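Single-structure report; data block below.
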């Protein structure tokens, strides 16, 4: 198995959470980065309550909710974090935060089916970047272990650490409730072994939860990858999903979203993201509305530093996507915004050094995939679909080739056949 890579990090973290939860408009996308299409359920002129279902994935009856109250206006196209421009429902904020009365009552007790239904009805998804509906993970028989992924291995991204620092007691309470509802005998919170702030935050309350333990991985990238985390903490392998082995893995910010669902019976309409980089005047973690635009958020948080050639990255520097503009909407899976100077070296021809093969955590051959981009039969043999898009192949390449982008394109070509 290839070894994780040490990457320089910015560990100067401000644990205060700033809020920008008053956008003028929100844009609810009708397609996500995984190509899932949602059917819109409202029309122009409708009054929309905060938390109201405005679109649904009909295949699994999975809803999207409005993050504000106000009036639906004419639809628009906006860019999401993978660079696609998609159709959106546009809602003009009336700044009243009005909920429907039915969403103000809190459920006292959950059966397993109640819990799974609540995860679906409240639109809880993986906040670590997958945007995978959480109810599908928990819909298994006799789960053996819950792993809470708090590793956060992307450089410069700190939103999970900030959530832990501010809400560690709430996270532990939610884990305990999930274990009782689901009948899960044990839980492990996966952390980097040198993340002392998060470790100490949990240790303050951990003594009252004997079935919840801390587990540790080395501070290297991509040790937060789900498959690697299961391997390191439990020494267990699986084919496609950890649920095959009775293991549920949830990101720590997702667990906090579940806590808020338990306490307030409200859907996922806000999240905390990291806004950072040399192009940002004040780097911070911010609570934002799903559907708000990044340009409006940054403009209201002191704005940009002057850069000659700025690069705007949606996500972290390793797995994020470089975008031409900042008019991008906040989606549930977007955990960071990075603005830096474009002072990178231009790429040179491949020297066939094989370094991308050496570091690939998925055990595939990125350079061969890159060189066989038009040979579908060969691409199928090389299995680009196993790529986790961690970006290590691009990071390690001495010729500065964006190898990951070639593998991404190959994944699409193979999946379309």
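The one condition from (1) surrounded by fewer than 22 Cβ atoms within 10 Å (Cβ to Cβ); (2) more than 14 Å from the chain's Cα centre (by Cα) that residue 366 does not meet is (1).
Sort out which residues of the range 165-180 are in contact (Cβ under 8 Å) with a residue 40 or more places away in the chain and either surrounded by 22 or more Cβ atoms within 10 Å (Cβ to Cβ) or not assigned by TED's automatic domain parsing to the domain that holds residue 250 (or both), and write them in order of number.
171, 172, 174, 175, 178, listed by residue number.
I want to confirm something. Restricting to the range 72-82 and keeping residues that are surrounded by fewer than 15 Cβ atoms within 10 Å (Cβ to Cβ) and within 23 Å of residue 20 (Cα to Cα), which single residue is modelled with the lowest pLDDT? Among residues in the range 72-82 that are surrounded by fewer than 15 Cβ atoms within 10 Å (Cβ to Cβ) and within 23 Å of residue 20 (Cα to Cα), the one modelled with the lowest pLDDT is 76.
The C-beta contact set for the range 295-313 (first residue within 17 Å of residue 325 (Cβ to Cβ), second residue buried (at least 18 other Cβ atoms within 10 Å of the Cβ) and at pLDDT below 90, distance under 6 angstrom, 6+ apart or interchain) comprises 295/326; 311/340; 312/323; 312/326. Residue 280 meets the stated requirement of being at pLDDT below 95 and under 22 Å from the mean Cα position of the chain (by Cα). Candidates in the range 93-115 are the residues that are at pLDDT below 90 and in contact with a strand residue (DSSP E or B) (Cβ under 9 Å, 6 or more places away or on another chain); of these, the one that is surrounded by the fewest Cβ atoms within 10 Å (Cβ to Cβ) is 100. Given the structure, is residue 342 surrounded by fewer than 21 Cβ atoms within 10 Å (Cβ to Cβ), under 19 Å from the mean Cα position of the chain (by Cα) and more than 22 Å from residue 128 (Cβ to Cβ)? When the stated conditions are applied, residue 342 does not pass them.
Of all residues in the range 372-393, those that are part of a helix (DSSP H, G or I) and without any contact (Cβ under 8 Å) to a residue 24 or more places away in the chain total 3.
Can you name every residue in the range 31-63 that is within 18 Å of the chain's Cα centre (by Cα), without any contact (Cβ under 8 Å) to a residue 60 or more places away in the chain and in a loop (DSSP other than H, G, I, E, B)? Within the range 31-63, 35, 36 meet the criteria.
In the range 345-368, the qualifying residues are those that are within 18 Å of residue 318 (Cα to Cα) and out of contact with any helix residue (DSSP H, G or I) (no Cβ under 8 Å at 6 or more places or on another chain), and the one that is modelled with the highest pLDDT is 347.
The values are calculated or read from the model by the stated rules, or taken from the named source; none is laboratory data. What you are looking at is a predicted structure, and each value in this text was computed from that prediction instead of being measured. In this analysis, Cβ positions are derived from the backbone assuming ideal geometry, glycine residues included, and neighbour counts consider all displayed protein chains.
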